[in-house]
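Notes for the one structure printed next.
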């Protein structure tokens, strides 16, 4: 993580992304939380890929572990976490309690974007009810986006054909 990202995340608690068995150990708070999910692997700095806010941190992380297709954000974030883990990345959850979770999320997303961080927050949402995508297509997109995050050293180039021109 670069010094600018580090300063943006000052005061956040960092933990390994919880498994379904571990989510209950996350704190609960009256006002809520702002959180950042990052990936890292040996020799690489921690890189944020999603920023969120919630009143219920443990329940939200449970939603990501379940990755239900009928909940767009839960599915995209959950599948990215799963795929990045399969590619050898450690997933880090950083969170802090706050009374102004919407405002802090908004500001943090903007600051990360202007320093060049690619975030899932930027990806347009799908609507499964309007059939503008299917689960398999969305999984393929999330894998491609995740490969873009981790770079060519982590991408399975044999599984992704070159773009047609």
(request) Would you please report the Å³ per residue occupied by the convex hull of the alpha carbon atoms in the chain? (result) 132
(request) Whole number please: convex hull volume per residue, Cα atoms of region 1-93, in Å³. (result) 96
(message) Below 8 Å, C-alpha to C-alpha, sequence gap of six or more: please give me the relative contact order for the chain in percent.
(response) 27
(message) Starting from the 7 Å offset along Cα-to-Cβ, what nm value, one decimal, do you get for the label separation of residue 68 and residue 130?
(response) 2.1
(message) I'd like to compare 88-100, 108-120: which one has the highest average count of other Cβ atoms within 10 Å, and what's the full order after that?
(response) 88-100, 108-120
(message) I'd like to compare 43-53, 64-74: which one has the highest average count of other Cβ atoms within 10 Å, and what's the full order after that?
(response) 43-53, 64-74
(request) Whole Å is fine, so just give me how far the alpha carbon centre of region 96-129 lies from that of region 1-53. (result) 13
(request) Write down the Kirkwood hydrodynamic radius of region 1-49, to one decimal in angstroms, obtained as one divided by the mean of 1/r over all alpha carbon pairs. (result) 12.6
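Each reported figure results from applying straightforward, stated rules to the coordinates on display, with no laboratory input. Since the structure is predicted, the reported quantities are computational estimates derived from the model, not experimental observations. Don't worry about glycine lacking a Cβ; one is built from the backbone with ideal geometry, like all the others, and counts go over all protein chains shown.
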